Amino acid sequence: MLPVNELFETVQGEATFTGMPSMFVRLQRCDVGCPWCDTKYTWEMDPAQVVTLADIVSKTVTSPAYASVTVDQLILTLRPSRSRHLVLTGGEPCMYDLTELSRRMIAAGWTVQVETSGTEEIRIDPRAWVTVSPKLHMPGGRTFRADAWQRANEIKMPVGKPADVETLKRCIEHYGPALVWLQPLSMSRKATELCMDAARRNGWRISIQTHKYLGVR
Ligand code: SF4
């Protein structure tokens, strides 16, 4: 069973798949505790918040409500979509084994992407695209995993202060080179300028949350 908090069609607004029409499935639960998290409603799994999958599909406002669904139910719900790119996000989606879902969706002609903090083992089809957004030294006390960095197809690093850039450099020294996207925290002017400077100096890229400019989720 997978606890689904949101299921909606939109455009992937970040990093390599920017502009790709996508189905987003947001899974419930995360224990990383990032202070700036904009999906805090996904952190806890409260059985009193269980609703039906139909409720989730018709959800229009964010809330801690979620539906426990089987992989079969999820695939049946996703199948009629015109988008053929599935984004598994959270919460922390890698708290769950995503292997069967990703394998079956890829077999049906979809591309599959997961967005993870790198604090959990990544259990997903080897053909899936893995976006790791390293969360280090967060209040939840979770440890970042070397195998997450090594599995990543891209690193999407939230940057709000110079120390974040230094942390990223240390990660590259420690874990190896990667395709890096810098994500200015809260899209603030200060964070954006910092990212611009770091991207120029290090051959990295900047991931702009383009879905926010489009006015979509
Ligand atoms: S890992 Fe993601 S969902 Fe979890 S607290 Fe951090 S930003 Fe929020």
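The values are calculated or read from the model by the stated rules, or taken from the named source; none is laboratory data. For clarity, every value in this text was computed on a predicted model and none was experimentally measured. Cβ placement follows ideal geometry from the backbone for every residue including glycine, while neighbour counts extend to all protein chains displayed. All accessible areas refer to the heavy atoms of the entire protein, side chains included, with ligands and DNA or RNA removed. Shrake-Rupley method; radii C 1.70, N 1.55, O 1.52, S 1.80 Å.
Among the numbered criteria (1) open to solvent by 20 Å² or more (accessible area, probe 1.4 Å); (2) of a type outside the set (Ser, Thr, Tyr); (3) under 24 Å from His85 (Cβ atoms), which single criterion is violated by Val132?
Every listed condition holds for Val132 apart from (1).
I'm told Gln73 meets every condition in (1) touching a residue at least 24 places away in the same chain (Cβ under 8 Å); (2) surrounded by 15 or more Cβ atoms within 10 Å (Cβ to Cβ); (3) among the polar types (S, T, N, Q) except one. Can you identify the failing condition by its number?
It fails just one condition, (1).
Those residues that are open to solvent by 60 Å² or more (accessible area, probe 1.4 Å), within 16 Å of the ligand (Cβ to nearest atom) and under 13 Å from His85 (Cβ atoms), I need them from region 9-31; list them, please.
None; the set is empty.
State all residues of region 132-171 that are assigned to a loop (DSSP other than H, G, I, E, B) and within 19 Å of Trp204 (Cα to Cα); if no residue qualifies, say none. Reasoning before the result, please.
Within region 132-171, the subset assigned to a loop (DSSP other than H, G, I, E, B) is 133-145, 152-153, 160-161.
Within region 132-171, Ser133, Pro134, Lys135, Ala152, Asn153, Gly160, Lys161 meet the criteria.
Run down Lys156, Lys190 and say which single residue is among the basic types (Lys, Arg) and open to solvent by 20 Å² or more (accessible area, probe 1.4 Å). Give the derivation first.
Working: Lys156 fails: open to solvent by 20 Å² or more (accessible area, probe 1.4 Å).
Every option except Lys190 fails the conditions.
Restricting attention to region 197-216, which residues are farther than 21 Å from Glu9 by Cβ, open to solvent by less than 90 Å² (accessible area, probe 1.4 Å), in a helix (DSSP H, G or I) and out of contact with any Leu (no Cβ under 7 Å at 6 or more places or on another chain)?
Matches in region 197-216: Asp197, Asn202.
Among the strands (runs of 3 or more DSSP E) lying completely within region 1-114, list those that include at least 2 residues that are closer than 23 Å to Val132 by Cα and polar (S, T, N, Q). Give the steps one after another, and end with the answer.
Working: elements: 2-11, 21-27, 67-69, 85-89.
Of the strands (runs of 3 or more DSSP E) lying wholly inside region 1-114, those with at least 2 residues that are closer than 23 Å to Val132 by Cα and polar (S, T, N, Q) span 2-11.
When Arg103 is evaluated against the numbered criteria (1) within 16 Å of the ligand (Cβ to nearest atom); (2) over 14 Å from Met20 (Cβ atoms), which criterion, by number, is the only one it fails?
The single condition Arg103 does not satisfy is (1).
Taking the condition open to solvent by less than 60 Å² (accessible area, probe 1.4 Å), assigned to a helix (DSSP H, G or I) and more than 13 Å from the ligand (Cβ to nearest atom), does Asp125 pass? Walk me through how you get there before you give the answer.
On the way: open to solvent by less than 60 Å² (accessible area, probe 1.4 Å): yes; assigned to a helix (DSSP H, G or I): no; more than 13 Å from the ligand (Cβ to nearest atom): yes.
Answer is no for this residue.
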